[in-house]
């Protein structure tokens, strides 16, 4: 097992090369033209595409609630949105009459939830009809158009629709290609997913800084236009490396008929589906950090640093920076565990991730009592929360993705990636509904409820894992994540 960690320096350099858009070469690479730092060249293309997709998605996500609360849903603006009266009536037919803040929270929850829901169908369409490459290109084009539509108030609902559909095609077919670069027994697969998710963290760090600054300095339109530009660049990156990506799997109804799932494969699929409700509990708590959290920061956190006022979205950039800063120490800890035979497998890492994330949310609850001379929560407390909660994210998210992508039978791999995103869909929708409680509860109680949701998920996952790991545990081996030497 310890031999897996001798490749760590190569993984770190590869992640850096992808992040800056360059390709560094070594003598070994010259011998094997298909490899970059011990990984297929296709990984650099997929990770680079994901970097720009996250710049686009996180940039918009960081400002969307503030945009709705501070401008779009106010009188004089909301009347300009095509079809919004009917849309609002449909929502309030289910929820009852909502205030502006509660409506913005619900719209955000539905938007992000559907972003995670549509990959279920996008992956299925890619598996059976369009293929991976066509689906990714179609998704990127739809998302680019959607971001540019966000620059105009009248096309707000059309923009959300284009973004939701585009994400379904792109995400449902990009992640499966990472797994398809490797054989099922290749230990590099989990390392590849960690590199891939480094791009998520980099995009999540940079995007809120840019869109936050643009929205304050130039207004909302240029901020949304930046997100559209990012997605277009991601499309160019993907097309530039098409020749080194995995070959298209056989698709269509005929392909499915020729490769029926075995009894063992069906048990794996059912076991993965069975844990979706539990994984949803993580995303309920996590989604609120991009939703009502912005309102809490605006109202309760002291954002003054000398004469400078920190833009609210900049705190969410800390959420992207924290995993990159925390990862080296965490990998050293995992290496120490591995040497003693105590390294947790992917399943137990998800349990720990839920527990750590839930405990971290209690820091936000404590903000009601930890105040400075201005009567507001010191800026250091939410910063500490982001670093603590992202330890939980590093345990949970890469392990869950690696488990679903690596365990699912190949004929339904894209579909099962989509099934996993159902946990994010339900979590985001429920989180949006819970955001309406913010106006009626104290901040301490509001965040304590979310902490309890995540912790209960960890407890339940640990309990039900005893029988489920008989099926999933045989493939949910330690992740062997090694990005540092």
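The values are calculated or read from the model by the stated rules, or taken from the named source; none is laboratory data. Keep in mind the model is a prediction, meaning the values are calculated, not measured. Virtual Cβ from ideal backbone geometry, glycine too; neighbours counted across all protein chains shown.
For region 244-361, the helices (runs of 4 or more DSSP H) that sit wholly inside it and include 1 or more residues that are out of contact with any strand residue (DSSP E or B) (no Cβ under 7 Å at 6 or more places or on another chain) and buried (at least 19 other Cβ atoms within 10 Å of the Cβ) are 263-274, 276-287, 292-300, 312-339.
Only one of the numbered conditions (1) modelled with pLDDT of 90 or more; (2) part of a helix (DSSP H, G or I) is violated by residue 418, and that is (1).
Residues checked against (1) modelled with pLDDT under 90; (2) in a helix (DSSP H, G or I); (3) under 27 Å from residue 154 (Cβ atoms); (4) under 26 Å from the mean Cα position of the chain (by Cα):
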position	(1), (2), (3), (4)
10	yes, yes, no, yes
24	yes, no, no, no
28	yes, yes, no, no
51	no, yes, no, yes
75	no, no, yes, no
105	no, yes, yes, yes
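Picking from residues in region 449-458 that are surrounded by fewer than 19 Cβ atoms within 10 Å (Cβ to Cβ) and touching a residue at least 40 places away in the same chain (Cβ under 8 Å), the one that is nearest to residue 285 (Cα to Cα) is 452. Residues that are in contact (Cβ under 8 Å) with a residue 24 or more places away in the chain and over 21 Å from residue 190 (Cα atoms): does region 330-346 have at least one? Within region 330-346, not a single residue is in contact (Cβ under 8 Å) with a residue 24 or more places away in the chain and over 21 Å from residue 190 (Cα atoms).
Exactly one residue among 101, 54 is crowded, with 24+ Cβ neighbours inside 10 Å, in contact with a helix residue (DSSP H, G or I) (Cβ under 7 Å, 6 or more places away or on another chain), closer than 30 Å to residue 318 by Cβ and touching a residue at least 12 places away in the same chain (Cβ under 8 Å), and that residue is 54. For the structure I just gave you, tell me whether residue 237 is buried (at least 20 other Cβ atoms within 10 Å of the Cβ), in contact with a helix residue (DSSP H, G or I) (Cβ under 7 Å, 6 or more places away or on another chain), within 21 Å of residue 416 (Cβ to Cβ) and touching a residue at least 24 places away in the same chain (Cβ under 8 Å). In short, no. Being part of a helix (DSSP H, G or I), touching a helix residue (DSSP H, G or I) at 6+ places or on another chain (Cβ under 6 Å) and under 29 Å from residue 75 (Cβ atoms) is a property that residue 170 lacks.
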